[in-house]
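**Student:** I have a structure I would like to understand better, so I am pasting it below and will then ask my questions one at a time.
The values are calculated or read from the model by the stated rules, or taken from the named source; none is laboratory data. For clarity, every value in this text was computed on a predicted model and none was experimentally measured. All Cβ positions, glycine included, derive from the backbone under ideal geometry; neighbour counts span all protein chains shown. Ligands, DNA and RNA are excluded from the accessible area calculation, which covers all protein heavy atoms including side chains. Shrake-Rupley method; radii C 1.70, N 1.55, O 1.52, S 1.80 Å.
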Amino acid sequence: MEKIYGMIDLHLHLDGSLSVDSVRKLAALQNMEIPQEEDALRRMLQVREGCRDLNEYLEKFAFPCSLMQTKEGIAGAVQHLEAELAEAGMLYAELRFAPQQHTEKGLTQREVVAAAISGMGRSGLRSNLILCCMRGTDNREKNLETIHVAKEFLHKGVAAADLAGAEALFPTEGFGELFALARELGVPYTIHAGEAAGPESIGWALEFGTKRVGHGVRALEDEAMVKRLAAEGITLELCPTSNLHTSMFDSYEEYPLRKLMEAGVRVTVNTDNMAVSGTTVSAELKHLQEALQLTEQELRLLAETAAEASFADAETKEWMKTEIAKRFA
């Protein structure tokens, strides 16, 4: 079964997925002093066991973001991550990040995104960027700018927009203006919902017109919501290990992947943050296969669903489906 693991990642935060090796290279590139010991760096990047909640989990983003405040740092981060994904046998990935969080040294959001695009495609991995708006109360203009930048670079490396951040502190319902603008400009989007907040957050994401939901596992608290997700063909971007780290579930055995699949909900398996959670798509699928006794047919369905739900163009989707068929042959 090894050959089928780790083909597509649709929910992968760039700043939460920098490896120790990548961090060293980025620091050297920018003449930044950082600890050199692997254990010390890993502690700075990876969440500790016993993480209390999403807010504590999000604290791990400050350090990697500090390495991505220059054009060279941003391009290098994308290049290194794509090379690692390609080496692992990945077919396709959607790398998401918030441009507004990389402007501390004077870059504009447009320059940030252009730098990220310049780092793409050097490893042969097929990929796209998703630009995240951030939950908050004082960054409305920055969020609107992110949507406009997404439109400018749409189909030129950028495939979609997103809303990320502290969901429980800043409810989804307060961000309708962003997605009204995205619809007006023709920018596709996904929305983080149903992670730190409950089914009502998912409901607002659906009202805003999303066809993909980041996480979404708390839909299970509302049977009607589960039925709606299935009926409307909404795809959930599940991130099991991340959800364990934020104390949503205690074990892979109780992770609701199969419950959602049996209810007819379209689901995909992703990493969320490779470094923060210390995981890969292969590891995610292995954990779930062992805990839930996933069949080869179910694993193939997960891969095919990811290909279809991706923001890739039609040609890339068909290529992914062909490659998936080969790996399951």
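**Student:** List pairs: first in segment 143-165 and modelled with pLDDT of 95 or more and outside any helix (DSSP H, G or I), second open to solvent by 20 Å² or more (accessible area, probe 1.4 Å) and of a type in the set (A, V, I, L, M), Cβ under 7 Å, 6+ apart or cross-chain?
**Tutor:** Going by the 7 Å Cβ cut-off, the qualifying pairs are Phe153/Ile117; Lys156/Ile117; Gly157/Ile117; Gly157/Met120; Ala164/Met134.
**Student:** Hey, Met248 hits all of (1) under 21 Å from the mean Cα position of the chain (by Cα); (2) of a type in the set (A, V, I, L, M); (3) open to solvent by 40 Å² or more (accessible area, probe 1.4 Å); (4) over 25 Å from Phe97 (Cβ atoms) but one; which does it fall short on?
**Tutor:** For Met248, the failing item is (4).
**Student:** Name every residue in segment 232-281 that is assigned to a loop (DSSP other than H, G, I, E, B) and either among the basic types (Lys, Arg) or touching a Pro at 6+ places or on another chain (Cβ under 6 Å) (or both), in order of residue number.
**Tutor:** Here is the first cut: in segment 232-281, the ones assigned to a loop (DSSP other than H, G, I, E, B) are 233-234, 239, 246-251, 255-256, 263-265, 270-271, 273-280.
Correct list: Tyr255 only.
**Student:** Scanning segment 218-233 for residues that are among the hydrophobic types (A, V, I, L, M, F, W, C), under 22 Å from Gly174 (Cα atoms) and without any contact (Cβ under 8 Å) to a residue 40 or more places away in the chain, which turns out surrounded by the fewest Cβ atoms within 10 Å (Cβ to Cβ)? Spell out the reasoning first.
**Tutor:** Applying the first criterion (among the hydrophobic types (A, V, I, L, M, F, W, C)) to segment 218-233 yields 219-220, 224-226, 229-231.
Now restrict to residues that are under 22 Å from Gly174 (Cα atoms): 219, 225, 229.
Retained after the next criterion (residues that are without any contact (Cβ under 8 Å) to a residue 40 or more places away in the chain): 225, 229.
Values: Met225: 22, Leu229: 25.
Checked segment 218-233; the qualifying residue surrounded by the fewest Cβ atoms within 10 Å (Cβ to Cβ) is Met225.
**Student:** Turning to a different aspect of this structure: Here are some residues: Leu26, Leu41. Which one is open to solvent by less than 50 Å² (accessible area, probe 1.4 Å), modelled with pLDDT under 90 and either in a helix (DSSP H, G or I) or among the aromatic types (Phe, Trp, Tyr) (or both)?
**Tutor:** Working: Leu26 fails: modelled with pLDDT under 90.
Within the list Leu26, Leu41, the selection yields Leu41.
**Student:** Being touching a helix residue (DSSP H, G or I) at 6+ places or on another chain (Cβ under 8 Å), over 13 Å from His215 (Cβ atoms), at pLDDT 95 or above and open to solvent by less than 40 Å² (accessible area, probe 1.4 Å) narrows it down to one of Gly194, Gly176, so name that one.
**Tutor:** Details: Gly194 fails: over 13 Å from His215 (Cβ atoms).
One residue alone meets the criteria, Gly176.
**Student:** Restricting attention to segment 97-138, which residues are among the hydroxyl-bearing types (Ser, Thr, Tyr) and assigned to a helix (DSSP H, G or I)?
**Tutor:** Filtering segment 97-138 for residues among the hydroxyl-bearing types (Ser, Thr, Tyr) gives 103, 108, 118, 123, 127, 137.
The one that is among the hydroxyl-bearing types (Ser, Thr, Tyr) and assigned to a helix (DSSP H, G or I): Ser118.
**Student:** State all residues of segment 93-116 that are touching a Phe, Trp or Tyr at 6+ places or on another chain (Cβ under 9 Å) and either closer than 22 Å to Ser282 by Cα or crowded, with 17+ Cβ neighbours inside 10 Å (or both); if no residue qualifies, say none.
**Tutor:** Of all residues in segment 93-116, those touching a Phe, Trp or Tyr at 6+ places or on another chain (Cβ under 9 Å) come to 94, 101, 110, 112-114, 116.
Those that are touching a Phe, Trp or Tyr at 6+ places or on another chain (Cβ under 9 Å) and either closer than 22 Å to Ser282 by Cα or crowded, with 17+ Cβ neighbours inside 10 Å (or both): Glu94, Gln101, Val112, Val113, Ala114, Ala116.
**Student:** Exactly one condition in (1) modelled with pLDDT under 95; (2) over 30 Å from Thr280 (Cβ atoms); (3) not small (Gly, Ala, Ser) is not met by Leu244; state its number.
**Tutor:** (2)
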